[in-house]
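Visitor: One structure, pasted below without further comment.
The values are calculated or read from the model by the stated rules, or taken from the named source; none is laboratory data. It should be emphasised that the depicted structure is a prediction, and the values quoted were computed from it without experimental measurement. We place every Cβ from the backbone using ideal geometry, glycine too, and count neighbours over all the protein chains shown. Side chains included, ligands, DNA and RNA excluded: accessible areas come from the protein's heavy atoms. Shrake-Rupley method; radii C 1.70, N 1.55, O 1.52, S 1.80 Å.
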Amino acid sequence: MGLISGILMGMVFGIALMAGWRHMMAYRSTKRIAKAVDIKLLGSLNRDDLKKICGDNFPEWISFPVFEQVKWLNKQLSKLWPFVADAAELVIRESVEPLLEEYRPPGITSLKFSKLSLGTVAPKIEGIRVQSLKKGQITMDIDFRWGGDPNIVLGVEAALVASIPIQLKDLQVFTVVRVIFQLSEEIPCISAVVVALLAEPKPRIDYTVKAVGGSLTALPGISDMIDDTVETIVTDMLQWPHRIVVPIGVDVDISDLELKPQGKITLTVVRANDLKNMEMIGKSDPYVVVYIRPLFKVKTKVIDNNLNPIWDQTFELIAEDKETQSIVFEVFDEDIGQDKRLGVTKLPLIDLEAEVPKEMELRLQPSLNMLKIKEKKDRGTLTIKILYHEFNKEEQLVALEEEKRILEERKKLKDEGVIGSTMDALGSGVGVVGSGIGAGVGFVGTGVGAGVGLVGSGVSSGAGMVGSGLGAVGSSLSKAGKFMGRTITGQSSHSRKKSGSTTPVNSVQENGGAKPR
């Protein structure tokens with residue numbers, strides 16, 4: 001009897017022990033699953049969500065790194081830098097000097113490197129972010145920082161002024177470089193590389209300008225000219241969506257990687273109201289310069305002695321990336337010597353709807369970057385009418401070919417000395433803004449399919465080309481060239497495999513407001 005009761009008690013105890021162990025394991029599993037769910041939810045929260053949950057108790061040491069650190073790469077880059085710097089100096093001379101000449105501001109006859117050394121301090125890569133945004137491509141964003149010790153001297157020449165060596169000191173570069181690898185099935189498995197600078201955060205290039213063996217007063221405003229030239233090259237050639245496309249291999253099709261025209265903007269500059277008077281005697285003589293890319297500007301006629309001018313002139317511009325590009329409007333006062341800017345504003349293209357005409361009143365401000373401006377007063381308003389038309393595939397190809405043709409014509413005009421700079425604005429109803437008083441050239445379209453014509457004008461005579469092949473036409477100062485054809489913005493003419501850059505889109509409130517009527 002005792003044996004049987006002992007066996008039964010042992011079986012009951014064993015069963016109870018096994019049941020208890022099973023219950024405990026099920027409980028622990030449930031707790032682990034619940035914790036995993038909580039951790040997953042916490043992992044999906046960003047910094048703003050945690051601040052809402054924690055309130056004032058949010059710990060500042062919590063970070064959400066987007067870029068992976070690559071300390072090992074910086075160590076190797078420091079060792080390789082002497083060799084990389086020598087190779088980069090040759091590339092910079094060959095690629096940047098033509099850009100300095102192409103974007104050379106009016107009034108400067110030559111802008112070239114006298115000395116170029118990248119120094120001994122290697123750049124630093126703060127982090128790398130790898131993404132797969134499109135099938136068949138690998139996108140790599142590189143957080144690039146460089147505070148080096150380069151020796152960069154520019155030889156600057158102007159009319160009636162000997163060459164002045166200008167040194168760029170204390171150079172610092174802060175930007176995020178986007179590198180896209182186009183994959184292929186053949187070794188080395190990469191068919192092309194795309195390089196661009198992201199618009200956000202905005203690229204920063206800081207430096208100080210110093211004259212070597214001379215004085216900056218010999219060329220008034222040279223520091224601002226160099227600043228504007230550097231900023232224009234960066235924003236118009238390298239800043240996303242514009243990019244540099246480098247094919248790897250022979251017979252590589254890079255057409256899908258190049259930036260193409262997206263649509264046409266028909267823009268009418270109607271009038272301005274309450275402009276600031278910059279004249280001591282009389283009133284300002286305002287005109288408006290309009291552009292999407294600085295390399296391709298158009299301008300209205302000049303209205304003399306009027307702070308409420310009416311232009312009512314129409315232009316056509318080409319948009320290459322509606323999501324990131326903006327139209328910039330600059331109102332100037334024509335004056336002897338250098339014209340004074342009365343106000344500036346910009347309109348993000350993302351605010352436009354296709355095939356929907358709008359009339360808008362834009363608020364002018366002293367500068368697009370109001371952080372550096374002490375005077376915060378408005379500079380009046382500018383009224384425009386605008387219509388955006390999105391290209392189909394056929395229109396896109398036609399616009400691309402037309403874009404390349406006009407770029408080649410502009411370069412020829414500059415080489416022939418007809419215009420002073422490729423950044424001269426083309427007028428509608430007036431001649432192009434040239435580098436001399438009264439010098440200019442205008443584009444005249446001869447109709448659909450007839451081509452683009454060029455009519456030049458000078459102080460007493462001029463020369464030009466008519467797109468329909470009718471020959472050269474000269475005119476006096478009273479007859480200025482007209483732009484009646486299509487104004488197309490596009491890639492740099494010196495390379496068909498490269499594309500420029502654009503201005504990053506900021507809020508309308510920060511850079512001049514716009515309100516629809």
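Visitor: Go through 90-102, 253-265, 129-141 and give me the packing order, highest mean Cβ count within 10 Å leading.
Guide: Ranking, from highest mean packing down: 253-265, 90-102, 129-141.
Visitor: At 1.4 Å probe size, with the rest of the protein present, what percent of the exposed accessible area of segment 308-347 is carbon and sulfur atoms?
Guide: With neighbouring chains kept in place, the figure for segment 308-347 is 43 percent.
Visitor: I need the calculated FRET efficiency for the pair VAL179 and ASP312, taking r as the beta carbon distance and R₀ as 56 Å, to the nearest 0.05.
Guide: On the way: r = 46 Å, r/R0 = 0.83.
It comes out at approximately 0.75.
Visitor: If r is the Cβ-Cβ distance from SER367 to GLU323 and R0 is 30 Å, what FRET efficiency results, to the nearest 0.05?
Guide: Once the sixth-power term is evaluated, E becomes 0.80.
Visitor: If the chain between LEU73 and VAL153 were fully stretched, how many nm would it gain, using 0.36 nm times the residue separation less the Cα-Cα distance? Write down the numbers at each step before the final one.
Guide: Working: separation 80, 0.36 × 80 = 28.80 nm, distance 3.02 nm.
That works out to 25.8 nm of additional length.
Visitor: Using only the alpha carbons of segment 110-184, what is the convex hull's orientation-averaged projected area in square nanometres?
Guide: One quarter of the hull surface, i.e. the mean projection, equals 7.6 nm².
Visitor: What pairs from LYS299/LYS412; LYS283/LYS358; LYS71/LYS210; LYS297/LYS412; LYS115/LYS412; LYS202/LYS385 go past 24 Å between their alpha carbons?
Guide: LYS283/LYS358; LYS71/LYS210; LYS115/LYS412; LYS202/LYS385
Visitor: Right, here's the next one. Please list 3J(HN,Hα) in residue order for segment 282-291, calculated via the Karplus relation 6.51 cos²θ - 1.76 cosθ + 1.60 where θ = phi - 60°; whole Hz, with x for glycine and proline.
Guide: Ordered by residue, 3J(HN,Hα) equals x, 10, 5, 10, x, 8, 10, 9, 10, 6 Hz.
Visitor: Using packing as a proxy for protection, rank 77-86, 12-21 so that the peptide with the highest average count of other Cβ atoms within 10 Å comes first. Intermediate results must be reported in sequence, preceding the final value.
Guide: Working: 77-86: 13.1, 12-21: 10.0.
Highest-to-lowest ranking by the protection proxy: 77-86, 12-21.
Visitor: Then there is this: Computed FRET efficiency, Cβ-Cβ of ILE138 and VAL212, R0 51 Å: what is it to the nearest 0.05?
Guide: 0.70
Visitor: Compute the accessible area per residue over segment 217-283, keeping the other protein chains in place, probe 1.4 Å, unit Å².
Guide: Per residue, segment 217-283 has 48 Å² of solvent-accessible surface.
Visitor: Amide H of ALA199 versus every other amide H placed in the peptide plane: which residues, excluding those fewer than 5 positions away on the same chain, fall under 5 Å?
Guide: For ALA199, whose amide H was placed from the backbone, the distant partners under 5 Å are TRP240.
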